Amino acid sequence: MSETSEQKMADALEWNYTSPLAGYENAPPLPDERTDDGKSYVNNQTGVKSVAYERFIEPLDNGRRGGFDIHVYYFQNNPQQTQYARELWQRIRHEFPELRIYTFWDRPVGPHPVAMFEVNLFTPAQFGAFIPWLAIWRGPLSVLVHPNTTHEDDVLHELERELKNHTERAIWLGERIPLDVGRFKSLVAAFKRAESNKGE
């Protein structure tokens, strides 16, 4: 049984969010002027590019795990999808040998309800090159792009971070495939109960 949109939105409201304007409280006002296309806005130019061009922003993992996992899904009982997915996996290994490319699974594993393979991205440059390439070459396959985050504030337990990264922070190319996050949720609930019992 899949969650309704209302349930998903209610789940998202459980998380705390830092204002996107944190750190820009004293920035000069943004101009109302439009560019020549009449649609987009003129922005204040500072001559300094965001550090996000050079390294993933915190709390994304700039270390061994990499900032993003890419899961390319295919229906293992569909011969055409299986062939396309295997050929795509091979093409990625040829064209992007610097990326970490994992096993071509022929069955569901973990929270992934259908067969898939995984690719890790370690830099914004890799993300900027690979994701547009994959948007074209994914063909009939669905792709989950999810961040890997580190200890962002000691408020989220590792299991909560994994749940949030695979759901709320997920980006999809193609059709979204519902993940089996029940195990994540039950482990998070068990952890919270154990923590609650420690305080008694």
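The values are calculated or read from the model by the stated rules, or taken from the named source; none is laboratory data. Computed from a predicted structure; not experimentally measured. Glycine also receives a Cβ, built like all others from the backbone with ideal geometry; neighbour counts cover every protein chain displayed. All accessible areas refer to the heavy atoms of the entire protein, side chains included, with ligands and DNA or RNA removed. Shrake-Rupley method; radii C 1.70, N 1.55, O 1.52, S 1.80 Å.
Data overview
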| quantity | calculated |
| --- | --- |
| Lys, Arg +1 and Asp, Glu -1 on Cβ, resulting dipole of the chain about Cα centre, debye, nearest 20 | 700 |
| Extension gain (nm, one decimal) between Lys49 and Thr150, 0.36 nm per residue minus Cα-Cα | 34.0 nm |
| Solvent-accessible surface ranking, highest first, for Tyr17, Tyr84, Tyr73 at 1.4 angstrom | Tyr17, Tyr84, Tyr73 |
| Gyration tensor (alpha-carbon) shape descriptor, the chain, a/c threshold 1.5 | oblate |
| Mean Cβ count within 10 Å, highest first, over the residues of peptides 159-169, 185-195 | 159-169, 185-195 |
| Listed residue (Tyr17, Pro31, Ile57) projecting farthest to the positive dipole end of the chain, Cβ model | Ile57 |
| Accessible-area order (highest first, 1.4 angstrom probe) of the listed residues Ile136, Ile171 | Ile136, Ile171 |
| Gap separating the Cα centres of region 77-95 and region 107-157, nearest whole Å | 17 |
| Kyte-Doolittle mean at least -1.0, axial Cα span of 20 Å or more - DSSP H helices of the chain | 182-198 |
| Spin-label model distance (nm) - Lys198 vs Phe75, 7 Å beyond Cα toward Cβ | 4.6 |
| Helical contribution to [θ] at 222 nm, DSSP H n ≥ 4, -39,500 (n - 2.57), averaged over the chain, rounded to 500 | -10500 deg cm²/dmol |
| Long-range amide H partners of Phe68 with built H, under 5 Å | Leu121, Asn148 |
| Pairs of Lys in the chain closer than 24 Å at Cα, counting only those 8 or more apart or on different chains | 7 |
| Residues whose placed amide H lies under 5 Å from that of Ser142, excluding near-sequence neighbours | Tyr73 |
| Length-normalised contact order for the chain - Cα pairs under 8 Å, 6+ apart - percent | 21 |
| Region 109-187 - percent of accessible surface contributed by carbon and sulfur, probe 1.4 Å | 58 |
